[in-house]
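Notes follow the structure.
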Amino acid sequence: MSAKNQELIRDLNARRILETLIERGTASRAELAKCLGLTKATISSQVQSLLDHGLAEEIGSPKTCKGRRPILLTFNRSHAYIASFDLTPTGIHLMTADLLGRDCILHRISWDKKRESLPALLISSIQKLRTHPDRPLAGICLGIHGVVHENQILFTPYYDLAQLPLKELLEDAFSLPVLLENEANLSALGEAAFSFGAGNLVNISVHTGIGLGIIFDGQLYTGADGFAGEFGHTIVQPQGRPCPCGNRGCLEQYASEDAILRKYRALKRQPHASLDDLIQDYRSSGEAARAAVEDFLSYLALGINNLANLFNPQLIVINSALSAGLPEITPKLLARLTNPMSRKCRIEPSTLQDTAALLGGVCLGSKQYLNIERYCPSPK
């Protein structure tokens, strides 16, 4: 066997050990050998390398064991941290977290939505982060509300970021890996890793627009050019309302938060009414709020029926401030899913809400830093 092949096998074994420690929380060397089908000598060598690099720690022995107690190992989540941004059309959210998405700190950053001001604002925000000499920043992830392919921004309908070289600018400033990904894709990664643990999942993000993140067999699916999951730009009304994408009748012109608010404001004749106003009015049986919610449910059910036919997912997660504020409308949505395929699909509201994309960025950054494929942190 060549030296190159031996190195590849060693790297693969180290990745498998890391993935297992992350998923299980703790394990002894003997448990790792049995679980992974590796020899004790291989486990011993690889574990020592992980200990030497500060990626694993020994945490003593379980108290319940009799006789010679095995030494338990755990992944060192504090080895480094990730900076994860969600660049929304209304502002910037920043989360810093360790490599398992814990010890999270959230920041809200004001932004004038001007393209030229964004790079300096991001650089300044990262420079202000509290750093630790023994806990370096491992990477930066940016969630974009638009189409992203190979870390390049291709299309952003609700702000002007297309072709802005954020990856290159930030990597030059910090000499760190920078990852860009669509917000709905990151939300799907976050839900899969930190909430549901499903290997086949689609995540519907309902915000200014409507995005879709797709997880197949544990891996994010983005399509040939990054356009997979543009659920909001599927057409539900031929020759309908114009959309910034250039088409007419797109789903997000009827079921996004902006679309629902437009209808509610028009019916109420209150141009500055908020989503909170709509929610309160719905609870008070207001006719305008009821009509807006009915539109939301009708069009979203139409889209979900189509998704169930196309992807046959194990789980559909809905991340929407409206359904979070009005949990009683979820059964009404389910009642509209008449397709037998969609009825068999499990549909759940997001448990992560505004942090889903941020935690997805932590997931993506940690996987890149650790060079692993599977990432499902133990809840321990």
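Please report the projected area of the stretch 263-365's Cα convex hull averaged over all directions, in nm².
Hull-based average projected area comes out at 7.7 nm².
If the viscosity is 1.306 mPa s and the temperature 10 °C, what translational diffusion coefficient in µm²/s does Stokes-Einstein give for the stretch 237-309 when Rh comes from Kirkwood over Cα pairs? Provide the component values of the computation, followed by the final result.
Working: Rh = 12.9 Å.
For these conditions, the coefficient is 123 µm²/s.
Take the alpha carbon gyration tensor of the stretch 139-188, find the square roots of its eigenvalues, order them as a ≥ b ≥ c, and report rounded if a/c is under 1.5; if not, report prolate when a/b exceeds b/c, else oblate. Could you put the intermediate results ahead of the total?
Numbers: a/c = 2.46, a/b = 1.41, b/c = 1.75.
Oblate is the answer for the stretch 139-188, as a/c is 1.5 or above yet b/c matches or exceeds a/b.
With the dipole of the chain worked out from charges on the C-beta (+1 for Lys and Arg, -1 for Asp and Glu) around the Cα centre, which of Phe231, Thr42, Gln163 lies farthest toward the positive end?
So the residue we want is Thr42.
What FRET efficiency comes out for the pair Ile123/Gln280, r = Cβ-Cβ distance, R0 = 30 Å, nearest 0.05?
Values: r = 40 Å, r/R0 = 1.34.
Efficiency, rounded to the nearest 0.05: 0.15.
I need the Debye-formula profile for the stretch 26-142: one equal scatterer per C-alpha, no solvent, reported as log10 I(q)/I(0) at q = 0.11 1/Å, two decimals.
-0.55
How large is the convex hull of the C-alpha atoms of the stretch 196-352 per residue, in Å³? Before the final figure, lay out the partial values.
Details: hull volume 18.6 nm³, N = 157.
So the per-residue hull volume is 119 Å³.
Using the basic label-point model (7 angstrom from Cα toward the beta carbon), what is the His272 to Asp225 distance in nanometres?
The two pseudo-label positions are separated by 4.3 nm.
Would you please state the base-10 log of I(q)/I(0) at q = 0.15 1/Å for the chain, with intensities from the Debye formula using one equal scatterer on every alpha carbon?
Values returned for q = 0.15 Å⁻¹ are -1.32.
Sorted by average packing, counted as other Cβ atoms within 10 angstrom per residue and highest first, what order do 201-208, 106-113, 349-356, 186-193 take?
Working: 201-208: 26.6, 106-113: 12.2, 349-356: 18.8, 186-193: 29.2.
Ranked by mean Cβ neighbours within 10 Å, highest first: 186-193, 201-208, 349-356, 106-113.
What is the distance, in nm, between label points placed 7 Å from the Cα along the Cα-to-Cβ direction at Thr39 and at Asp11?
About 2.3 nm, to one decimal.
Which percentage, to the nearest 5, of the DSSP beta bridges contained in the chain is antiparallel?
Roughly 60 percent of the beta bridges in the chain run antiparallel, per DSSP.
If r is the Cβ-Cβ distance from Ala173 to Arg290 and R0 is 56 Å, what FRET efficiency results, to the nearest 0.05? Write down the numbers at each step before the final one.
Details: r = 50 Å, r/R0 = 0.90.
Taking R0 as 56 Å, the efficiency between Ala173 and Arg290 is 0.65.
How much length would be gained if the chain were fully extended between Thr351 and His53, taking 0.36 nm per residue of separation minus their Cα-Cα distance, in nm to one decimal? List each step's numbers first, then the result.
Details: separation 298, 0.36 × 298 = 107.28 nm, distance 3.45 nm.
Answer, rounded to one decimal: 103.8 nm.
Output the pairs from Lys113/Lys263; Lys167/Lys332; Lys40/Lys167; Lys128/Lys367; Lys332/Lys367; Lys128/Lys268 with a Cα-Cα distance over 32 Å in this structure; if there are none, say none.
Working: Lys113/Lys263 25 Å; Lys167/Lys332 43 Å; Lys40/Lys167 42 Å; Lys128/Lys367 25 Å; Lys332/Lys367 38 Å; Lys128/Lys268 44 Å.
From Lys113/Lys263; Lys167/Lys332; Lys40/Lys167; Lys128/Lys367; Lys332/Lys367; Lys128/Lys268, over 32 Å: Lys167/Lys332; Lys40/Lys167; Lys332/Lys367; Lys128/Lys268.
Antiparallel as a % of all DSSP beta bridges within the stretch 196-352, to the nearest 5? Can you show the working numbers first?
On the way: 11 of 21 bridges.
Percentage antiparallel, nearest 5: 50.
Compute, for the chain, the length of the dipole vector about the Cα centre, with Cβ point charges of +1 (Lys, Arg) and -1 (Asp, Glu) only. Units Debye, rounded to 20. If you can, show how the numbers build up before the last one.
Values: 39 positive and 38 negative charges, 239 e Å.
In debye, rounded to 20, the chain gives about 1140.
With a ≥ b ≥ c the root eigenvalues of the C-alpha gyration tensor of the stretch 88-207, is it rounded (a/c under 1.5), prolate (a/b larger than b/c) or oblate?
Values: a/c = 1.61, a/b = 1.04, b/c = 1.54.
Judged from the Cα gyration tensor, the stretch 88-207 comes out oblate (a/c at least 1.5, b/c at or above a/b).
Every read-out reported here was derived from the displayed coordinates using simple, explicitly stated rules and does not represent laboratory data. Here the structure is a predicted model, which means the values were calculated and not measured. For neighbour counting, all protein chains shown are included, and Cβ atoms are generated from backbone atoms with ideal geometry for every residue, glycine included.
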